[in-house]
Each structure stands twice: as structure tokens, then as C-alpha cells.
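What follows is a set of notes on a single structure, which appears directly below.
The values are calculated or read from the model by the stated rules, or taken from the named source; none is laboratory data. In this text the structure is predicted, and so the values were computed from the model without any measurement. Here the Cβ positions follow ideal geometry from the backbone for every residue, glycine too, while neighbour counts run over all protein chains shown. What goes into the accessible areas is simple: the full protein's heavy atoms, side chains included, and nothing from ligands, DNA or RNA. Shrake-Rupley method; radii C 1.70, N 1.55, O 1.52, S 1.80 Å.
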Amino acid sequence: MSIVINKNQISSNWKNLATTLPVGEAKRKKIEIAENIVRPPKLTKAVCIDCEMVGIGEMGLENMLARVSIVNQLGQCLYDKYVKPTEPVIDYRTSVSGVTEQHLQNGVPLDVIQKEVSDIIEHRTLVGHAIHNDLKVLFLSHPKKRIRDTQRYKGFRSLFNGSLPSLKALADKILGLKIQTGAHDSVEDAAVTMQLYVRHRREWEKSLREKKFMTSEEKHKRIRARQKEKILKNSSSSHVKKSNNLI
């Protein structure tokens, strides 16, 4: 029989007892003191992904996947790997991506990355910031109903007059955190993105449920209201232009 005692969770008296307890010959009891029990992070119902990219193609303007990081709902890192280039890298964008040539020399082949990432995110709520960019460079898709994008969530956009906020701005305004002061860290960015989601998960999920059960009439009414608002906005802009031309 083996008894495992976590050294960090017991008093000094129990630690001393564990090392001095007499062992009977008939019943050999072995007491092991676990100096450090490292438990792997759990795969939760929601996971958050963030990718770093490097530049390829003419002038290095096209994106290619360079690093993938995934965290769980507690912000614990589940996955963090560099990707072996499939094309010549023109710009490592190190000042922003934090990626260097050395990082990619021992990178994992893209097809392996795709399989591993796909296995992790399958059937789970996938959180991210401007997540369409991450899925695009991964050449993966995910059911829309299972995606939570912090860049597009109306509750966050309303804080920025409806515009698409950056992760840095959201972290500062909502969490009071200063991030991306230098090169980006995809693990940190994913953890911050997940923190934004978890903090506002209740109202976010509630709004999605209400939208799901909205009647077709209510949907059409909302669409007509948006169209009317757009027409009025365009009309107003047109009027301002005409007034300026007359001056």
C-alpha cells in the first residue's frame, strides 16, 4: 500500500511522523512524501486561443502561423508551440510577435499543429480576440455558435462607441491591466482574453440565449430598425457634405 502525502499541504508534525513512522514487517507500509506534485491543467468547457504570426510573400505582408497558445478557463496554459515555416519568412516581426528565427528552427510541422489544436477545441466553446485571424492562419474552422470573440462582443464594443476595440484597450479599460507594452506574448494574451470572457460570461451567454429564442418578427423588426438608422446616418452625412460644398 502506498500513501502519498503532499508536503505543501500538511503540518510539520505530520511531515516528521511520515519520516519516522515504524514499518511493520507483516504489513509493509510505504509513506512517500511528494516534494512537488505537478498536476497538468484541466481541459475546461471553454478554451481560449491566441496566435503569433510572421510575414511571408511580397514585402512580408502576408501572414503565416508562427506560434499557437491555448489556455483553459483558469488561464492555465494547455498548449504553446512554435510552428515550422511552410514558406520562406520575409519578416519575423519580432518587435511585435516576439518570434525569432531560432524559435522556428525547431518548430512543429503545421499538419501536426492543426491536428493537436483541432483535438483540443473540438466540441468546446472557443474564446479569442479577432479570432477569425487565428483560425485563418491555422486553416481551421469552428462552429459559429461556439465562438466567443471579445473584439466583436457588443457589451465591450459599447464601451468604445461601437468600434472594434483592441485587446490592449480592453485589458486596460475593463481589467486595469497593462499588456503588450513590448513584444506580444500569446500565452498572456490568451489568458487576458479568457479573463475578459469569464468576467462577463453570464451576461454574454444570456444575450446569446435571448437572441436564439427571438421570434422571426422580432428579428425582422430589429433589422428594419438598423436599416432605418443606417439610412438616416447616410442622409445626415450627405446633407453635411452638401452644406460644405455651398460654403
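Any residue at all in the stretch 187-195 that's closer than 21 Å to residue 44 by Cβ, open to solvent by 40 Å² or more (accessible area, probe 1.4 Å), touching a strand residue (DSSP E or B) at 6+ places or on another chain (Cβ under 9 Å) and free of Cβ contacts under 8 Å to residues at least 24 places away in the same chain?
yes
Being at pLDDT below 95 and open to solvent by less than 100 Å² (accessible area, probe 1.4 Å) is the filter here, so list the residues in the stretch 196-218 that pass it.
Scanning the stretch 196-218 gives 207, 208, 214, 215, 216, 218.
Take residue 110 and decide whether it is in contact (Cβ under 8 Å) with a residue 12 or more places away in the chain and under 24 Å from residue 196 (Cβ atoms).
In short, no.
Out of all the residues in the stretch 136-149, is one or more open to solvent by less than 70 Å² (accessible area, probe 1.4 Å), in contact with a strand residue (DSSP E or B) (Cβ under 7 Å, 6 or more places away or on another chain) and either of a type in the set (S, T, N, Q) or more than 22 Å from residue 70 (Cβ to Cβ) (or both)?
no
Would you confirm, using the coordinates I've provided, whether residue 135 is under 17 Å from residue 46 (Cα atoms), under 13 Å from the mean Cα position of the chain (by Cα) and not aromatic (Phe, Trp, Tyr)?
For residue 135, the condition - under 17 Å from residue 46 (Cα atoms), under 13 Å from the mean Cα position of the chain (by Cα) and not aromatic (Phe, Trp, Tyr) - is met.
Out of the residues in the stretch 66-105 that are among the charged types (D, E, K, R) and touching a residue at least 60 places away in the same chain (Cβ under 8 Å), which is surrounded by the most Cβ atoms within 10 Å (Cβ to Cβ)?
Step by step, filter the stretch 66-105, then rank; the result is 67.
Which of the residues that make up the stretch 92-144 are part of a helix (DSSP H, G or I) and among the aliphatic types (A, V, I, L, M)?
Hits for the stretch 92-144 are 96, 104, 110, 112, 113, 117, 120, 121, 131, 135, 137, 138.
Here are some conditions: (1) open to solvent by 60 Å² or more (accessible area, probe 1.4 Å); (2) touching a residue at least 12 places away in the same chain (Cβ under 8 Å). Residue 38 meets all but one. Which one does it not meet?
Unmet for residue 38, out of (1) open to solvent by 60 Å² or more (accessible area, probe 1.4 Å); (2) touching a residue at least 12 places away in the same chain (Cβ under 8 Å): (2).
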